[in-house]
Amino acid sequence: MAIYSWQILVQPTGVWNGAAEAALNVIWICFASDYVISLWLTSDTWTWFKHHLFELAVVVLPMFRPLRMLLNSLQHTGGMALRGRIAAYVASSIAFVIMLAGIGLISVVTATMASWIVDEVSAEDKKNTEISHDQVERLGARLAHMEAMLADMQARTGTDLKEERHNLVANDDPLQ
C-alpha cells in the first residue's frame, strides 16, 4: 500500500519509478502465486473458485490491487475486522450506486443528443422536400401558362407553329 501510495502521490520519474513498478510487479506475482497455489491445494476447486472471484479479479485487473490491500489491512486489525468488512461493503455499495447513476446519466445525454440530431436532419429533409415540391409546382404552372399562350397564338394566326418552324428551317432563315 505504501509503494502504491508513494507512486501516486509523488509521481517519481527515472530509476525511482522503475523501482516502484518492479516492487508492484513482485507484489502482483505474490498475489498470482497465492491464488494459483490456493486453487491447486483446495479439495473442492469449483467451490473455492466461486468464493474467491474477487481475488481472481485482483490478479487479472490491476485497478483492484489497492482495494485488495486496503481490505486485507482492514480485516487483519483484530477487533476492527467486522467494522472493516462493514466499511468495505458500505463503500462498495456507494460506489455501485454512483456507477449506476453515471451510466444512467451518460445514457440520457447520449439519447438526447441522438434525438436532437435525428430531429435536425428530419427537419432539413422536410424543408428540402417542400422546396422541391414548390419548384415543381411553379414549373408546372409556368409550362401550363406557356402552353396556353402558344394555343392562343395558334388560334389568332390560324397556323400551326410547328409547321411554320419547319418552313423557316427549310428556307435556311438566319433568324433560326
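The values are calculated or read from the model by the stated rules, or taken from the named source; none is laboratory data. These numbers come from a predicted model, not from an experiment. With ideal geometry, Cβ positions are generated from the backbone for all residues, glycine too; neighbour counts draw on all protein chains shown. Side chains are part of the model used for accessible areas, which takes the heavy atoms of the whole protein and leaves out ligands, DNA and RNA. Shrake-Rupley method; radii C 1.70, N 1.55, O 1.52, S 1.80 Å.
In this rough spin-label picture, where each label sits 7 Å from Cα along the Cβ direction, the W40-D125 distance is 6.3 nm. Here the simple spin-label model places points 7 Å from the Cα toward Cβ, and for R142 and L9 these points are separated by 8.0 nm. To the nearest 10, the accessible area of H133 is 110 Å² with a 1.4 Å probe.
When the solvent-accessible surface of protein heavy atoms is calculated with a 1.4 angstrom probe, in what order do R156, R138 fall, highest first? Write down the numbers at each step before the final one.
Numbers: R156 180, R138 145 Å².
Most to least solvent-accessible, the answer reads R156, R138.
Across L9, L53, the residue with the most accessible area heads the list, and the full order at a 1.4 Å probe is L9, L53.
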